[in-house]
Amino acid sequence: MPPKETHPVQAVAQALTPPQRAETSNYIEIIVDYNRRPFSITWQRGTRYPNLDTFPTFTDAVVNPITQTASMRALWTQSVTFGYGSCGMLRIQDNVCFPVIKLAHSDRRFMQMIQHEFALLTSMALLDSFLPVVRVDQQPILENGEICGFRMKRLSEMCRSSLISRKSDIQDALQRLHSAGFCHGDIRGNNIMEDGAGRIMFIDFGLGGRIGSDAPEFFPGRVPRQFTAQHDWDLFDKEFQ
């Protein structure tokens with residue numbers, strides 16, 4: 001799940017989710033961060049996407065605050081919005097070992113995907129700490145006793161020219177991942193990064209798994225029903241064709 005990057009300016013409402021169906025029929029909803037607090041914005045289907053610069057005053061949309069637990073409220077207070085993807089949002093917290101915070105969107109399926117990703121990342125770290133995958137805090141983020149997110153290291157994005165010039169290094173890293181028995185499931189440029197030493201690292205393992213095992217039922221229908229290395233290579237070839 002590659003993030004849509006934003007510049008964390010807390011005085012402006014920032015989208016945390018893509019537009020999605022609201023609970024009310026024929027309405028669309030997004031979640032935004034405003035002054036480190038979450039709000040929902042809903043509007044009727046067919047109406048123009050709200051201009052977030054005018055938050056919280058809209059002509060054709062309704063704003064409602066979202067209630068948070070004390071622990072989640074504290075986490076939000078200590079961090080700022082960094083971006084979002086299809087199943088989760090990213091936040092940044094300064095002066096900590098694992099500064100990137102990934103939180104699931106509220107839908108149950110997205111929660112399951114985040115839990116799956118965390119379990120996969122922690123199992124890979126325990127098996128081989130030198131695998132080319134983002135390092136995560138082994139302690140997940142809980143809300144009401146359930147895993148809703150996790151913390152990870154911050155890596156550096158790679159521009160298109162860097163990806164092309166390091167194609168062979170990326171191939172080697174992907175082969176090492178496969179040799180350890182895992183596949184990524186979503187190989188593309190946004191999910192390939194570098195650590196501080198310039199080593200290739202893969203992020204966003206929400207669609208990854210152990211090679212040869214079946215994909216969970218909550219995975220999107222477009223995803224192959226079994227984890228294979230070949231699927232990764234097909235995506236790799238498409239990215240670098």
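Bear in mind that the values in this text are calculations on the coordinates, not laboratory data. Nothing here was measured: the structure is a model prediction, and the numbers come from that model. When we count neighbours, we look across all protein chains shown, and the Cβ atoms used for this are built from the backbone with ideal geometry, even at glycine.
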Quick calc of log₁₀ I(q)/I(0), the stretch 1-68, Debye, one scatterer on every Cα, no solvent, q values 0.15, 0.16, 0.20 1/Å, result -0.46, -0.53, -0.82
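Please sort by residue number the chymotrypsin sites (Phe, Trp or Tyr not before Pro) in the stretch 165-241 whose DSSP state is loop and whose Cβ has at most 16 other Cβ atoms within 10 Å. Don't jump to the answer; show the numbers that get you there.
Numbers: sites: Phe182, Phe202, Phe205, Phe218, Phe227, Trp233, Phe236, Phe240; in loops: Phe205, Phe218, Phe227, Phe240.
Of the chymotrypsin sites (Phe, Trp or Tyr not before Pro), the ones in loops of the stretch 165-241 whose Cβ has at most 16 other Cβ atoms within 10 Å are Phe218, Phe240.
So for the chain, what are the equivalent ellipsoid semi-axes in whole Å, largest first, each being the square root of 5 times an eigenvalue of the Cα gyration tensor? Intermediate results must be reported in sequence, preceding the final value.
Working: eigenvalues 204, 76, 67 Å².
Equivalent ellipsoid of the chain: 32, 19, 18 Å, largest first.
Check each of the chymotrypsin sites (Phe, Trp or Tyr not before Pro) in the stretch 57-123 and keep only those in coil by DSSP with at most 16 other C-beta atoms within 10 angstrom; list them in order. Write down the numbers at each step before the final one.
Details: sites: Phe58, Trp76, Phe82, Tyr84, Phe110, Phe118; in loops: Phe58.
Answer by residue number: Phe58.
Size of the dipole of the chain about the Cα centre, Lys and Arg at +1 and Asp and Glu at -1 on the beta carbon, nothing else charged, in debye to 20? Each step should come with its number before you reach the end.
On the way: 25 positive and 26 negative charges, 41 e Å.
Computed about the Cα centre, the dipole is about 200 debye.
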For the pair Asp60 and Glu217, the simple spin-label estimate (label points 7 Å beyond Cα toward Cβ) gives in nm 4.0
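Let me know the volume per residue of the alpha-carbon convex hull for the stretch 156-239, in Å³. Please report the intermediate quantities before stating the final value.
Working: hull volume 7.7 nm³, N = 84.
Residue-normalised Cα hull volume stands at 92 Å³.
In the stretch 28-59, which trypsin sites (Lys or Arg not before Pro) fall in coil by DSSP and have 13 or fewer other Cβ atoms within 10 Å? Before the final figure, lay out each step's value.
Numbers: sites: Arg36, Arg45, Arg48; in loops: Arg36, Arg45, Arg48.
For trypsin sites (Lys or Arg not before Pro) across the stretch 28-59 that sit outside H, G, I, E and B with at most 13 neighbouring Cβ atoms in 10 Å, the list reads Arg45, Arg48.
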